[in-house]
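Report on the structure given below.
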Amino acid sequence: MILFASKSASRRAMLEAADIAFTAQPADIDERALEASLGEAPAPEIALALAREKALAVSQANPGELVLGSDSLVVCGDMRFDKPADREAAAAHLRFFSGKVMHLHSAAALARGGEVLWSEAAEARLHVAPLSEAFIEAYLAAEWPEVAGCVGVFRIEGRGVQIFEEIAGDYFTILGMPLLKVQAALRSMGVLAR
Ligand SMILES: Nc1nc2c(ncn2[C@@H]2O[C@H](COP(=O)(O)OP(=O)(O)OP(=O)(O)O)[C@@H](O)[C@H]2O)c(=O)[nH]1
């Protein structure tokens with residue numbers, strides 16, 4: 001059994017589908033302050049730092065437990081995006097993404113006793129179709145507020161597919177965590193049977 005330092009429903013669903021036993025204990029860290037302190041570090045490094053900090057925070061509070069943390073962020077053009085603050089921000093994000101390539105970086109980290117044992121990041125590239133105002137309004141009418149908790153303002157398992165013309169990358173990375181890498185790490189640690 002591992003501790004999962006996440007409130008993300010889609011990440012928890014991934015672990016359940018993979019039959020990875022966990023107890024959820026979301027990390028209480030100031031993600032935006034940590035992200036701001038990293039300045040213009042490369043996006044994978046920011047996602048890794050946040051995933052590590054979430055795992056470390058919960059591992060320090062639970063000595064002896066193996067803790068998994070994860071984080072996702074989007075880079076598009078020269079801008080970095082987290083989850084939309086409100087519906088207006090969601091529409092603004094979609095307007096900006098229109099016709100561009102969205103780089104979705106997801107990272108995961110495993111920690112025990114306040115020490116990071118493993119961490120990795122993965123990137124998916126999602127080519128966004130030209131999005132009209134009419135489409136954005138209809139899309140948010142259907143998908144808000146469900147996508148309020150989604151970086152990139154989409155649920156790939158839902159109507160998010162309508163936004164894209166082409167996707168390159170791992171499905172789980174897009175959902176929010178590089179699950180295949182997490183599974184391999186847990187197997188290498190003997191937590192999961194091979
Ligand atoms: N359902 C769904 N969620 C997505 C998708 N893409 C990204 N997300 C979610 O977007 C969120 C990214 O925000 P984060 O700050 O990394 O994580 P969080 O939701 O705050 O949860 P924590 O792990 O507790 O930090 C995560 O919950 C991802 O699972 C998708 O296609 N479908």
Worksheet item: Restricting to the range 136-155, what's the tally of residues that are of a type outside the set (G, A, S) and more than 10 Å from the ligand (Cβ to nearest atom)?
Response: 7
Worksheet item: Of F172, F96, which residue is free of Cβ contacts under 8 Å to residues at least 24 places away in the same chain, in a helix (DSSP H, G or I) and either more than 10 Å from the ligand (Cβ to nearest atom) or out of contact with any Phe, Trp or Tyr (no Cβ under 8 Å at 6 or more places or on another chain) (or both)?
Response: F96
Fill in: Answer residue from the range 21-30, given it is surrounded by fewer than 17 Cβ atoms within 10 Å (Cβ to Cβ) and touching a residue at least 12 places away in the same chain (Cβ under 8 Å) and is nearest to the ligand (Cβ to nearest atom) among those
P26
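Of all residues in the range 64-88, which are more than 24 Å from I136 (Cβ to Cβ), of a type outside the set (A, V, I, L, M) and buried (at least 17 other Cβ atoms within 10 Å of the Cβ)?
If the condition is that a residue be more than 24 Å from I136 (Cβ to Cβ), of a type outside the set (A, V, I, L, M) and buried (at least 17 other Cβ atoms within 10 Å of the Cβ), then G69, S70, D71 are the ones that fit.
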Worksheet item: P42: more than 20 Å from Q183 (Cα to Cα), exposed (fewer than 13 other Cβ atoms within 10 Å of the Cβ) and in contact (Cβ under 8 Å) with a residue 40 or more places away in the chain, yes or no?
Response: no
Practice prompt. Test each condition in (1) more than 10 Å from the ligand (Cβ to nearest atom); (2) surrounded by 22 or more Cβ atoms within 10 Å (Cβ to Cβ) for A61 and report the one that comes out false.
Written response: (2)
Item to complete: Sort out which residues of the range 156-168 are more than 8 Å from the ligand (Cβ to nearest atom), closer than 19 Å to A92 by Cβ and of a type outside the set (K, R), and write them in order of number.
Response: Q162, I163, F164
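Coordinate-derived values only; no laboratory data. These numbers come from a predicted model, not from an experiment. Neighbour counts run over all protein chains shown; Cβ positions are idealised from the backbone, glycine included.
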